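Q: This is the structure I want to talk about, given as structure tokens.
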Amino acid sequence: MFSARLAAATIALLMSVAGSLEAQNEKPPPPPSEFTADLGFVSITGNTSTLTFALDEKWIRRMSKWEFRQDLGAVYGETDGEESSNLWRAALRADRVLAEHLALYGRGTYDQNKFGGIDSRFGEGIGAVWRALTDDVNQLNVEGGFELVQQNNLDGTSDNFTALRLASTWKHVFSEKAYFYQEVEYLPNLDIGEDYRLNTETTLGAPISERIGIKASYKVHFDNLPSLNATGTAPLQKSDRIFSTGLQITF
């Protein structure tokens with residue numbers, strides 16, 4: 001009788017310890033809301049006059065199995081009083097978790113690149129996300145879907161088409177606030193084989209304080225079939241490359 005009671009007590013104790021260890025090892029849930037703003041500014045006067053301003057802003061809201069995201073970015077520059085860069089982008093996105101490693105998404109995007117010949121470009125897309133890695137150190141997502149694109153060019157032409165979207169994001173965390181981030185996005189036009197876009201972003205972030213950090217980012221926007229110049233007489237360059245550094249503010 002005593003041996004049976006001792007065995008039962010031992011099993012209960014082991015189960016309690018195992019439960020405590022499992023609770024300690026569980027990954028804490030992400031915060032319900034996140035806001036991040038990246039600011040960069042350069043002004044040079046004297047022998048030359050240069051002004052460059054860069055902004056990246058992101059807001060995330062999580063509710064149960066839903067995640068809503070809003071993005072905004074801009075790069076504006078002047079050289080000797082003349083506009084030399086003018087890029088804008090914005091996006092709204094909603095993700096619905098279906099299982100631990102699977103989600104569906106819907107998104108709407110807008111971008112403008114005056115010196116890339118794009119007066120406005122809207123996109124509406126749906127797709128699926130495979131969350132391949134979700135631990136404390138690495139978060140790897142693979143995405144696939146379809147996009148409807150409406151593009152207006154500065155030469156007066158326009159184009160509406162359907163595109164495939166393949167994308168991948170990887171975030172590696174070195175410490176609580178230091179990280180490496182890599183994103184690749186491939187958007188082929190399903191109507192014209194040689195028309196495809198490739199967007200990449202490589203970012204390093206490091207903390208200065210609890211809310212403020214420094215961020216260095218390199219982005220490439222490649223268009224294999226670029227728009228024509230404003231007069232419609234010659235194609236523009238296929239790629240825009242943007243390197244930026246600045247402060248990152250997180251709430």
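The values are calculated or read from the model by the stated rules, or taken from the named source; none is laboratory data. The structure presented is a predicted model; accordingly, all values stated were derived computationally and were not measured. Here Cβ is always computed from backbone atoms with ideal geometry, including for glycine, and neighbour counts include all displayed protein chains. Heads up: the accessible areas ignore ligands, DNA and RNA and are worked out on the full protein's heavy atoms, side chains in. Shrake-Rupley method; radii C 1.70, N 1.55, O 1.52, S 1.80 Å.
Q: Please compute the net charge surrounding Thr109, taking Lys and Arg as +1 and Asp and Glu as -1 over other residues with Cβ under 11 Å from its Cβ. Please report the intermediate quantities before stating the final value.
A: On the way: positive: Arg89, Arg93, Arg107, Arg121, Arg165; negative: Asp71, Asp111, Glu124, Glu147, Glu185.
Value of the local net charge: 0.
Q: Taking a probe of 1.4 angstrom, what is the accessible area of Arg107 in Å², to the nearest 10?
A: Per-residue accessible area (Arg107): approximately 50 Å².
Q: Strictly greater than 23 Å: what percent of every Cα pair in the chain meets that?
A: So the pairs more than 23 Å apart make up 61 percent of the total in the chain.
Q: Let me ask something additional. Over the chain, average the accessible area per residue using a 1.4 Å probe and give it in Å², no decimals.
A: Value for the chain: 61 Å² per residue.
Q: Calculate, in nm to one decimal, what Leu190 and Asp136 gain on full extension: separation in residues at 0.36 nm each, minus their alpha carbon distance.
A: Full extension from Leu190 to Asp136 adds 15.7 nm.
Q: Right, here's the next one. Let's test the formula: R0 of 22 Å, r as the Cβ-Cβ distance of Ser43 and Ala206. What FRET efficiency results, to the nearest 0.05?
A: The calculated FRET efficiency here is 0.35.
Q: Can I ask one more? Return one number: the angle in degrees, 0 to 90 and rounded to the nearest 10, between the long axis of the Cα atoms of helix 2-25 and the longest principal axis of the Cα atoms of the chain.
A: 10 degrees
Q: Run the simple label-point estimate for Phe122 and Thr79 please: 7 Å along Cα→C-beta, distance reported in nm.
A: For Phe122 paired with Thr79, the spin-label model returns 3.4 nm.
Q: Once ligands and nucleic acids are excluded and a 1.4 Å probe is used, how much of Val220 is accessible, expressed in Å² to the nearest 10?
A: Val220 exposes around 30 Å² with every protein chain in place.
Q: What does the charge count around Gln248 come to, taking other residues whose C-beta lies under 11 Å from its C-beta (Lys +1, Arg +1, Asp -1, Glu -1)?
A: +1
Q: A further question follows. For Ile60, what is the net charge nearby, where nearby means another residue's Cβ is under 14 Å from its Cβ and Lys, Arg count +1, Asp, Glu -1?
A: Taking every Cβ under 14 Å from that of Ile60, the sum is +1.
Q: Principal axis extents for the range 169-251, Cα atoms only, whole Å, descending order, please.
A: 51, 27, 17
Q: Can you give me the % of accessible surface on the chain that is carbon or sulfur? Probe 1.4 Å, all protein chains present, nothing else counted.
A: 62 percent
Q: If the label point is 7 Å along Cα→Cβ of Val220, which residues in the range 167-182 have backbone nitrogen under 13 Å from it?
A: Of the residues in the range 167-182, none has backbone N under 13 Å from the label point off Val220.
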